Structures are given as structure tokens and as C-alpha cells.
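Undergrad: Take this structure first; my questions come after.
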Amino acid sequence: MTNVEAVVREVREVRQVLAQATIKLRVQSGSTALAAYHRVLDSLNDFTKELRLHADFMGEMGEPPPGAALERIDPSGPFTPANCRWATPLTNRR
């Protein structure tokens, strides 16, 4: 399991806890607590989307070789697999 997959699993678990807490919030706290809950849930959803994009990108790039860093081929271009490569400190100096 990759680090990204582990984090996605943790986010799912947090969502389940939040879903269970929703029932208690509705009964005990009213709309203010529910609004806070929905803000947290929206943030988790956004975070999950970003993690999936990262996982997709890394899936296309593959694992970095030891000591390599991600480098854009065209520095003004986007961070896409077509414009990125794994560069070692030696190739990074060019």
C-alpha cells in the first residue's frame, strides 16, 4: 500500500466518524454545529480529490529513482507527466 492509499483510507475512516457524529449533532447542537461539520466534510472531500490527483500523477510518473527529484522539462509549463521527469542532482545542474 502506498502512502497516498494509506492517507485515503484514513480520510475514509474520519468521514465515517464524522457521519456518526452528525446524528449526535442534530440531536444535541442544532444548525451551528452542523454547519461546522459540513465545512470539515467539504475540506475532507477537497483533500481527498487532491490526493487522488496526486496518486494519478505519481502512477503515471512511477516511483522516483533513489536521490531523484521531480523536475519540469519546460519550467514555465504545467506539472503534467508529459512535462516532468525524475532528475538526479547531476542532471538537475544542466
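The values are calculated or read from the model by the stated rules, or taken from the named source; none is laboratory data. These figures come from a predicted structure and were not determined experimentally. Cβ: placed from backbone, ideal geometry, glycine included. Neighbour counts: every protein chain shown.
Undergrad: How many residues, within the range 33-61, are in contact (Cβ under 8 Å) with a residue 12 or more places away in the chain and not acidic (Asp, Glu)?
TA: 14
Undergrad: Same structure again: Just checking, how many residues over the range 72-94 are among the charged types (D, E, K, R) and modelled with pLDDT of 90 or more?
TA: 3
Undergrad: Right, another one. Please indicate, with yes or no, whether at least one residue in the range 55-67 is surrounded by 11 or more Cβ atoms within 10 Å (Cβ to Cβ), modelled with pLDDT under 80 and not hydrophobic (A, V, I, L, M, F, W, C).
TA: Checked the range 55-67: no residue is surrounded by 11 or more Cβ atoms within 10 Å (Cβ to Cβ), modelled with pLDDT under 80 and not hydrophobic (A, V, I, L, M, F, W, C).
Undergrad: Six or more apart or on different chains, Cβ under 6 Å: which pairs go from a residue in the range 1-20 that's at pLDDT below 75 to one that's of a type in the set (Gly, Ala, Ser) and surrounded by 11 or more Cβ atoms within 10 Å (Cβ to Cβ)? Could you list them?
TA: Val4/Ala55
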